[in-house]
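Here the structure is laid out as structure tokens; the discussion comes afterwards.
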Amino acid sequence: MNKRDFVKIINEEISNFDFLGNDEFLKEQDVTDLLQNEDLQKQFICDSLLNRKDKVKIAKIVDSYITGNWDEFDKEDADRVSLEYSLDMEYLYDVEKEPLKFNISFNADKIDISVGGWYDAGRWGGTMADAIEPSGESWFDGFDWSDIEVVLYTMDGDDVQFTAFENAPPKIQTLFIREYTQNFIENETLELRTQEVKDKVQNTPYC
């Protein structure tokens, strides 16, 4: 092998070498740049609200907990809910590319609530057939969705500014938060019978 061929082979090997993981770093940077793109963020919001399951997929529920005092016997004492709901997402923003993977987290230390309902203590009868068992029902008639913070993260845990969400109309913000959290909240606490649950994305000019 002559000297020229030897140098050529060495240069090819160097060009193919992932120097200190640089290729992986550049790939991660591309994902971060995509996630920071406001137009892509807005499209993700719209695809979520329009329930496009072919594009938006919850890959994994990473964390989910909810606490509060919604179940107080005296409903006037019920005033707060705290939650954390963290989801790993896959978003097919381009059919010719791999889905974009990231995490979205919904957090609130204190959501202001109010609870409505009714309760009947029942009564004892002379016989079991005459007795009426206690009964009742409770629901949220107030729930401040704006108390919930929405944060995007890369899969490596880096915070990404969710510019499109921040710039969206308040109704769209509420619709987006509800899209991902309402079922979780109702399954763990009470039914939501607040005015805004009647809102639909089709009635709000955004998407």
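A few points about this structure:
- Residues of segment 176-192 satisfying the condition of being part of a loop (DSSP other than H, G, I, E, B) and either at pLDDT below 95 or of a type in the set (A, V, I, L, M, F, W, C) (or both): Leu190
- Checking every residue in segment 126-148 against the condition of being closer than 27 Å to Tyr65 by Cβ, at pLDDT below 95, surrounded by fewer than 12 Cβ atoms within 10 Å (Cβ to Cβ) and over 19 Å from the mean Cα position of the chain (by Cα) gives at least one match.
- Residues in segment 72-84 that are touching a residue at least 60 places away in the same chain (Cβ under 8 Å) and under 16 Å from Ser146 (Cβ atoms): Val81, Leu83.
- Helices (runs of 4 or more DSSP H) within segment 1-89 that include 2 or more residues at pLDDT 95 or above, out of contact with any Gly (no Cβ under 8 Å at 6 or more places or on another chain) and within 17 Å of Tyr153 (Cβ to Cβ): 38-49
- Residue count for segment 45-78, restricted to those that are in contact with a Lys or Arg (Cβ under 9 Å, 6 or more places away or on another chain) and of a type in the set (D, E, K, R): 1
- Number of the exception - Ala164 against (1) closer than 17 Å to Asn37 by Cα; (2) not in a helix (DSSP H, G or I): (2)
- Within segment 90-125, the set of residues being touching a Pro at 6+ places or on another chain (Cβ under 7 Å), on the phi < 0 side of the Ramachandran plot, modelled with pLDDT under 95 and not aliphatic (A, V, I, L, M) comprises just one member, Asp120.
- Condition met for Asn167 (at pLDDT 95 or above and over 23 Å from Asn183 (Cβ atoms)): yes
- Residues located in segment 56-103, provided they are more than 21 Å from Lys42 (Cβ to Cβ) and of a type in the set (A, V, I, L, M): Ala59, Ile61, Val62, Ile66, Ala78, Val81, Leu83
The values are calculated or read from the model by the stated rules, or taken from the named source; none is laboratory data. A quick note: this is a predicted structure, and the numbers were derived from the prediction, not measured. When we count neighbours, we look across all protein chains shown, and the Cβ atoms used for this are built from the backbone with ideal geometry, even at glycine.
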